[in-house]
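Below: the structure, in structure tokens.
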Amino acid sequence: MNLLENKTIAVVGGGPGGLTLARLLQMQGADVKVFERDAHKDARAKGATLDLHHESGLRALREAGLMDAFRANYRPGADRMRITDKHANIKFEDTFADSDKGERERPEIDRGPLQNILLDSLKPGTVVWDSHIVGLN
Ligand SMILES: Cc1cc2nc3c(=O)[nH]c(=O)nc-3n(C[C@H](O)[C@H](O)[C@H](O)COP(=O)(O)OP(=O)(O)OC[C@H]3O[C@@H](n4cnc5c(N)ncnc54)[C@H](O)[C@@H]3O)c2cc1C
């Protein structure tokens, strides 16, 4: 028996965590609402890019069935790093050469596209904007 079927669940906060949770719960048949204090999805600046790790952020997106949307929106190569001295001599380089790809990659995605992917994956009306939860009875 699916314990989540026909359950009504409130998620407080529509950040990447809350939206991903809502998606995963809806995939299990739960009736979910996300209460978010922002007035609407573009109410504030989104902030810097996120690097996603295999065991956490990427795993969540995989389980949410959103990897195709992720691949269409991430920043290929943005997780590579090169440190040089003042003469441009390379002191450290982390390029994830083909032979070394896989678990060490931490692909980056901007927060705006990630938010869109997650919002688009939810049933219409799932997020209740302008809802600052101040307590529970
Ligand atoms: C500078 C910086 C760089 C980072 N870089 C990375 C990175 O590269 N990779 C990575 O994985 N993580 C990174 N993080 C961490 C990442 O931002 C957080 O892990 C992630 O945003 C957490 O998601 P969340 O949904 O749990 O919380 P949040 O993103 O904080 O979202 C919480 C949401 O809940 C809403 N809310 C809060 N209280 C209430 C309330 N009472 N009622 C209604 N709504 C409410 C807020 O408005 C917000 O929208 C970084 C963080 C910072 C600050």
Looking only at residues that are over 18 Å from Q26 (Cα atoms) and of a type in the set (K, R) in the stretch 43-62, which one is surrounded by the fewest Cβ atoms within 10 Å (Cβ to Cβ)?
R44
In the stretch 63-79, which residues are surrounded by 12 or more Cβ atoms within 10 Å (Cβ to Cβ) and among the acidic types (D, E)?
E63, D79
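Count, please, the residues in the stretch 1-27 that happen to be assigned to a loop (DSSP other than H, G, I, E, B) and under 14 Å from L119 (Cα atoms). Spell out the reasoning first.
Just the residues of the stretch 1-27 that are assigned to a loop (DSSP other than H, G, I, E, B), to begin with: 1-7, 13-15.
Okay, now just the ones that are also under 14 Å from L119 (Cα atoms), so 13-15.
So the answer is 3.
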Matching option when the condition is modelled with pLDDT under 90 and polar (S, T, N, Q), among T126, T84, T49, T95:
T95
Residues being near the ligand (Cβ under 7 Å from one of its atoms), under 19 Å from P124 (Cα atoms) and assigned to a strand (DSSP E or B): count how many of those fall in the stretch 28-51.
1
Selected residue (only one of T20, T8, T84 is within 15 Å of the ligand (Cβ to nearest atom) and among the polar types (S, T, N, Q)):
T20
Note on V34: of the conditions (1) surrounded by fewer than 17 Cβ atoms within 10 Å (Cβ to Cβ); (2) of a type in the set (A, V, I, L, M); (3) more than 12 Å from the chain's Cα centre (by Cα), unmet is (1)
Could you tell me whether the stretch 56-67 includes any residue that is part of a loop (DSSP other than H, G, I, E, B), within 10 Å of the ligand (Cβ to nearest atom) and not charged (D, E, K, R)?
yes
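The values are calculated or read from the model by the stated rules, or taken from the named source; none is laboratory data. For clarity, every value in this text was computed on a predicted model and none was experimentally measured. Neighbour counts run over all protein chains shown; Cβ positions are idealised from the backbone, glycine included.
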